[in-house]
Every structure is written in structure tokens, then in C-alpha cells.
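Below is one structure; the comments refer to it alone.
Read-outs: derived from the displayed coordinates by stated rules, not from any lab. Just so it is clear, the structure is predicted and the values come from calculations on it, not from any experiment. Please note: Cβ atoms are built from the backbone with ideal geometry, for glycine as well, and neighbour counts cover all protein chains shown.
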There are 2 protein chains.
Amino acid sequence: MTAKNTPINPRKTPRQARSRATCDAILEAAARILERQGDEALTTNLVAEVAGVSIGSLYQYYPTKEAIMAELVRAMRQQMHDDMAAAARAAAGSGLEQEVDALVAATLRHHLRNPSLAHALEVAEERLPLDAETAALKQGMAKVVVGTLERNGIVDAPAIAFDLIAIGHGLADAATSAGERDFDCLQRRMRRAILGYLGSPQV
Amino acid sequence: MTAKNTPINPRKTPRQARSRATCDAILEAAARILERQGDEALTTNLVAEVAGVSIGSLYQYYPTKEAIMAELVRAMRQQMHDDMAAAARAAAGSGLEQEVDALVAATLRHHLRNPSLAHALEVAEERLPLDAETAALKQGMAKVVVGTLERNGIVDAPAIAFDLIAIGHGLADAATSAGERDFDCLQRRMRRAILGYLGSPQV
DNA sequence: GCATAATGTGAGCAAATACTTGCATCTGGC
DNA sequence: GCCAGATGCAAGTATTTGCTCACATTATGC
């Protein structure tokens, strides 16, 4: 019994042998569709077809279309959280500007790795019930930023972290949506926006 | 003959007498549904029902569901554009900070008037073909910001305007999505973000 | 080898949805 | 008053979509 009830959005992914491959194929297919055709095209039948799996198999592991999306969102937040936490840890103590750079770089890497998928997942996340695990990951990311600010003596860190995340998100989203792919250029602008908000002397 | 071909997204809204009221009722119903239940709930049948109009009538004026959304988006961009242009005109020559404040206020008024509708329309806009008129309005808004920057001697104004709009959008979106409704508080933070990016001495 | 459980299959169902069509009703100019 | 065109109506169609179910295939412990 590996948690299989509540037929709503939590998935029931028991795994034994080849079934793992089936689950992965489903997730990868869903990601590809989301990336290339957007969430309007994401139908369970298409996902199954692209994954090379029958719909029956799909529904054996994901009780709902939303469960598939939720799993993709969770995986994305997990990776983003881990990247940010690692970046913050590596840069901890090197001073505000260096630490900001590290976090910005992690954020940009995330957005530039697969811009359209990242965007689609963020849009999708809005209308999903947002399971506890994903919510915890988002909170964790905010905590990372708060920690960085506090470590550098910035007061009212939670409120400021909120704004900085919003600003960074807005910039990255607008730029990637416009087709920008230049990491260094975006890095400079993010830095300018964040340090500017913080009132640093700037570069 | 009042432009009625191209059955795709441009609407065919001939108006004579009571038909105007029908069109308005349809748009208002669509806005209410979008605002309260999100775009997933926006079906043509529901729109007609809420508008107190038959689906036949709906399709007489809007050839497509997308046409209704496009019209709502166009109207919203129109209002936003006019507000921003008026604000910029009124504050022109009063110095960078005052002019920024005026533009920020116009933006915030827009977002706070009906946060969920504004957000839904912006999300909807992304996947719509974006007709020429709406595109022109968006360009016009960018021009307003560019003009304000140039008037105050800021170089590379178009690129900076792009970033400032992205930043403002990100902040307003995150805050309203989180339920914030305090105009003054948001105004201060927007100001801080924008003037910070511009490298002004800050408040 | 074989019984048993795990996994895979895909035709098909019920509901929803965008949209059409044929007809009824209203309205304004004469 | 009357009629031609404008407007309104809603049952109905064709399609799509999420999902089920009855059965086939495969893997594994013994």
C-alpha cells in the first residue's frame, strides 16, 4: 500500500520495475507538449500517445490530468529550490552583491534552460490546488532569499524578499517571453534591479 | 457593411439599436465570469446565460469565443493606455520622480480596480493572436514610458522602459495575487523599485 | 513450469463545448 | 398599419475530452 487513495490531485505512483519507465515517459511527454504547444494542447490522450503508452496505463499512475501537471510543477520547484539553496550556501558570507549574483544566476539558469516550459508550468501552477509539498518548496525558496538578506543585515527581510522575488520573476518572464536568451545581459539587469531596490551604491 | 468578414478573431459588431445592449451584456457577463471563476469557466453557453441572451445572439456578434476575450483585452488596454497617457501628460515637466509617481499611480489604479479580472485578461492575452489594435495600444504604452525617460535625459530609454514595465508588472501582479490592496504601500514599493533601477538617490 | 500479481491495452462512454440553423419576434420608415 | 430587414431565440450537431473497464500480456516467487 503506497498511498493510492484520494483520487483527486495527489498521484498514485507505485513503482516496481518497468512501470517507472512508463511514469517517466508520461511526464516527459507532458513536458514536451507543454513546452511546444502550450497547455491548451495538453490532453491526456495526446500525452499517452506521445509517451508511447496507452491511456489506460496513464490513468493507472495519474488519476487525473491535473495530477500530471502537479507532478511536473513539483519537480520543477524541487530543482529550482535545490539550485537556489546550493547557490546561497556556496556564496554565503561573500557579501551581499556576490550572494545576490549567485541567486540571480540560479534563477536565470532555471528560466533559460527551457523558457517556454518554465513559463507554462508557472501559469499552470496558478490554477492548480498546489499540494503541500510544492507549497513547502516555494516557502523554502523564499526562506533562502530571506536568509541571504538577513545575513547581510537587511531589516524587514521577508517583505523585501517578496518584492525582490516578484521583481526578478517579472523581469525574467518578460525577457524570456520576448525571446531574450543572453544570460550575461539579463544577469546585469537583474542585478541592477535588485541592488537598486536594496539601495546599494550600484555598479 | 461594417467589417464583418474574416470569421476568426476580429469581431463583427454591427450596431443599430438594442443590439448594442446585447453586445454590452455579453462583454459584461464574460468579464464577470472571468473575474469570479477564471478562464476555465468561460464557455460561450455560460456567457450567453449570464448575459441573459441566447447563444444564437452571442454568435451573431462574436464569431468566436476568442473574439469575446480579444474585445475585453482590447478595451482593457485601451483604458490603461489612456490613463497612462493622461497621467504622463499631466505630470510632464515636473521632474523624473513626479512623473514616475504619476505613471505608477495609473498602473496601480488599473491593477487595483479589479485585480482578478486584470490578471485573467493578461493571462488570456498571452494566448490570443493579439490583433493589430491591441498591439498598437501596448506599443503606445511603452512609448509613454520611453517619452517620460527621455524627457528626463535618460539614455537607452527603450531598453530601460522594457525593464521598468516588466518590474512594475511583476510587482503589481505578485502583490495583488497575494491579496494586497493597499494603494499607498504598493506605490512606495513600486517607486523604490523603479527609482532604484534608475539609480536615483532614492527616498 | 506455473500460479499470481503487476502492468499494459484500447475500444468506448458520458459529459462538455463551440458553433449552426431554421424560425419567431421586434422595429422603424413609409 | 405594414412590411422588410434587423435582431433574438434555443434545440440540435459534430467534435473533443477526460476517464473506465474488461481483457491481454508480462514478470516473479516458488
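With one equal scatterer per alpha carbon and no solvent term, the Debye-computed log10 I(q)/I(0) for the protein assembly as shown at 0.08, 0.10, 0.13, 0.14 1/Å reads -0.51, -0.78, -1.22, -1.34. A simple rule links phi to the HN-Hα coupling: the Karplus curve 6.51 cos²θ - 1.76 cosθ + 1.60 with θ = phi - 60°, which for the range B:46-60 gives 5, 4, 4, 4, 4, 6, x, 9, 7, 4, x, 5, 4, 6, 6 Hz, with x for Gly and Pro.
At an R0 of 56 angstrom, the distance between the Cβ atoms of residue B:49 and residue A:132 translates into a FRET efficiency of 0.95.
Applying the Karplus relation 6.51 cos²θ - 1.76 cosθ + 1.60 with θ = phi - 60° to the range A:149-158 yields 3J(HN,Hα) values of 5, 5, 4, 9, x, 8, 8, 6, 4, x Hz, where x marks Gly and Pro. Stokes-Einstein diffusion for the range A:118-171, with the hydrodynamic radius set to the Kirkwood value over Cα pairs and evaluated at 25 °C in a medium of 0.890 mPa s, equals 200 µm²/s.
Estimated from the Cβ-Cβ distance and a Förster radius of 60 angstrom, the FRET efficiency linking residue A:94 and residue B:92 is about 0.85. Taking a Cβ cut-off of under 14 Å around residue A:190, the surrounding Lys, Arg, Asp and Glu residues balance to a net charge of -4, with basic ones at +1 and acidic ones at -1. Couplings 3J(HN,Hα) of the range A:159-170, computed from phi: 5, 5, 4, 4, 5, 5, 5, 4, 5, x, 4, x Hz, in residue order, whole Hz [Karplus 6.51 cos²θ - 1.76 cosθ + 1.60, θ = phi - 60°; x for Gly and Pro]. Report summary: the helix-based calculation at 222 nm, which adds -39500 (n - 2.57) for every DSSP H run with n ≥ 4 and divides by the residues of chain B, gives -24500 deg cm²/dmol.
Packing here is the average count of other Cβ atoms within 10 Å per residue, and on that basis the peptides B:152-164, B:19-31, highest first, run B:19-31, B:152-164. Restricting the calculation to Cα atoms, the range A:25-102 shows an Rg/Rh of 1.23 when the hydrodynamic-style radius is the Kirkwood one. Rounded to whole Å, the principal axis extents of the Cα atoms in chain A read 60, 38, 28, largest first. Taking the longest Cα principal axis of chain A as reference, the axis of helix A:65-91 is set at about 30 degrees.
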